[in-house]
Amino acid sequence: MPANKKLLVLPGDGIGPEVMYQVRRLIDWSDKRRHVTFNVTEDLVGGTSIDTHGVPLTDSTLDKAMGADAVLFGAVGGPKWDNLEFKVRPERGLLRLRKEMDLFANLRPAIAFDALADASSLKRELVAGLDIMILRELTGGVYFGEPRGITTLPDGTRRGINTQVYTDKEIRRVAHVAFELARKRKNRVTSVEKANVMESGILWREEVQKVHDEHYPDVELAHMYADNCAMQLVRQPKQFDVIVTDNLFGDILSDAAAMLTGSLGMLPSASLGAADSSGRRRALYEPVHGSAPDIAGKGVANPLACVLSYAMALRYSFDAGEDADLIENAVKRVLEGGLRTADIMQPGKAQVGTKVMGDAIIRELDKLAA
Ligand code: IPM
Ligand code: MG
């Protein structure tokens, strides 16, 4: 087993540190079992970095992220920093990490745990057994396109501008990831854009189709407009296996898919770069929920999305699929045992806080590994 893997932990703002603390306990647990041994460094990002260094991400933290085998990220942002200039807001720290580390493939699984099927806003039969993988392109599109900005025209009119732009290469590399993922799942890819109104959407559709025909004719491929996809996600979500889409549509559709599973507090994510010659990929793992400033510091946040993100790190960065399975099973058993944080609370269940949830996971891990 590989020893001393470099792990950079960036808890961030709001509930980030609370949920990440529960992950630190799991890292210690992995360490004790000696399956994966980590060299853990912790650093600041987002608002807490602004408070200390004046910027949401320092160059030295970025360097550490570039050299790490994986980055575990909590959440950034909060009302304290809401009025800052756009360029130095907490979110810019996250966006800079994504861009500089070239993490173009963002995996957002939406899995409905059976025990939570009744916590979904949809009927149980529509979501029970749901297992979708949303693959969001993460370093292109309107999030980074130029020109951008707010300008004042000669007649005094103010104009805001952002640019949706994709190259064939950017589309093709994320399409490859989609088809590879599908082959290990139900072998179905739905590619999502707005080719009916956007040229970048037409290019997206053409390039995905080409990658399919050239390399993955065995995988089932469908194309869908983003608005229809939003509708289908709440109408018949189980029709999907892998959804591949651009940065902005992926941002929106993954929030919708998350809610199908009962709570945003349950959804992990992995952001991956391209593999280098030794097969190593830069990677950042992050719960999809934000910093939730309204409940920060109260010890009530759901740590499960962060815990499941750590499981994804074990699976995708450290080739420790068995340890990832252990953690996912422990989460499943804790939920079946009736423990719930406030966001997924249901009648007849026991409401607990962040720490008790963490205790319960470690207890189940001990039992599963015994
Ligand atoms: C997400 C978030 C981010 C995004 C924000 C915090 C910049 O909503 O990861 O989905 O828009 O990408
Ligand atoms: Mg989002």
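The values are calculated or read from the model by the stated rules, or taken from the named source; none is laboratory data. None of the values given here were measured: they were computed from a predicted structure. Cβ atoms come from the backbone with ideal geometry, glycine included; neighbour counts cover every protein chain shown.
Candidates are the residues of segment 137-158 that are β-branched (V, I, T) and part of a strand (DSSP E or B); the one that is farthest from R92 (Cα to Cα) is T152.
Looking only at residues of segment 352-370 that are surrounded by 14 or more Cβ atoms within 10 Å (Cβ to Cβ) and not in a helix (DSSP H, G or I), we find that the one that is nearest to the chain's Cα centre (by Cα) is G353. Does V192 satisfy the criteria of being crowded, with 22+ Cβ neighbours inside 10 Å, β-branched (V, I, T), over 25 Å from P303 (Cα atoms) and touching a Phe, Trp or Tyr at 6+ places or on another chain (Cβ under 8 Å)? Yes.
The number of residues in segment 13-32 that are under 18 Å from the mean Cα position of the chain (by Cα) and aliphatic (A, V, I, L, M) comes to 4. With respect to G201, determine if the residue is among the small types (G, A, S), surrounded by fewer than 16 Cβ atoms within 10 Å (Cβ to Cβ) and in contact with a strand residue (DSSP E or B) (Cβ under 6 Å, 6 or more places away or on another chain). Taking the combined requirement at face value, the residue does not satisfy it.
Residues that are touching a Lys or Arg at 6+ places or on another chain (Cβ under 7 Å) and in a loop (DSSP other than H, G, I, E, B) were ranked within segment 39-70; the one that is surrounded by the most Cβ atoms within 10 Å (Cβ to Cβ) is P56.
Would you mention how many residues in segment 90-148 are among the aromatic types (F, W, Y) and away from ligand 1 (no atom under 15 Å from the Cβ)?
Here is the first cut: in segment 90-148, the residues among the aromatic types (F, W, Y) are 104, 113, 143-144.
Within this subset, residues satisfying the condition of being away from ligand 1 (no atom under 15 Å from the Cβ) are 113.
Counting residues in segment 90-148 that are among the aromatic types (F, W, Y) and away from ligand 1 (no atom under 15 Å from the Cβ) gives 1.
Restricting A296, A275 to residues that are touching a Gly at 6+ places or on another chain (Cβ under 7 Å) and either in the same structural domain as D31 (by TED's automatic domain parsing) or within 16 Å of ligand 2 (Cβ to nearest atom) (or both) narrows the list to A296. In segment 222-234 there is at least one residue matching the filter, namely being more than 16 Å from ligand 2 (Cβ to nearest atom), over 23 Å from the mean Cα position of the chain (by Cα), surrounded by fewer than 22 Cβ atoms within 10 Å (Cβ to Cβ) and of a type in the set (A, V, I, L, M). For segment 3-17, the condition of being surrounded by fewer than 24 Cβ atoms within 10 Å (Cβ to Cβ), in the same structural domain as A330 (by TED's automatic domain parsing) and more than 22 Å from R281 (Cα to Cα) holds for at least one residue.
Taking segment 217-300 as the region of interest, the strands (runs of 3 or more DSSP E) fully inside it that hold 2 or more residues being modelled with pLDDT of 95 or more and within 16 Å of ligand 1 (Cβ to nearest atom) are 242-245, 270-272, 283-285. Mind checking whether some residue in segment 27-36 is assigned by TED's automatic domain parsing to the domain that holds R280, at pLDDT 95 or above and among the small types (G, A, S)? Among the residues of segment 27-36, not one is assigned by TED's automatic domain parsing to the domain that holds R280, at pLDDT 95 or above and among the small types (G, A, S), which makes the answer no.
More than 17 Å from the chain's Cα centre (by Cα) and not assigned by TED's automatic domain parsing to the domain that holds V189: is that true of D63 in this structure? Explain how you work it out, then say what you get.
Details: more than 17 Å from the chain's Cα centre (by Cα): yes; not assigned by TED's automatic domain parsing to the domain that holds V189: yes.
Yes, satisfied.
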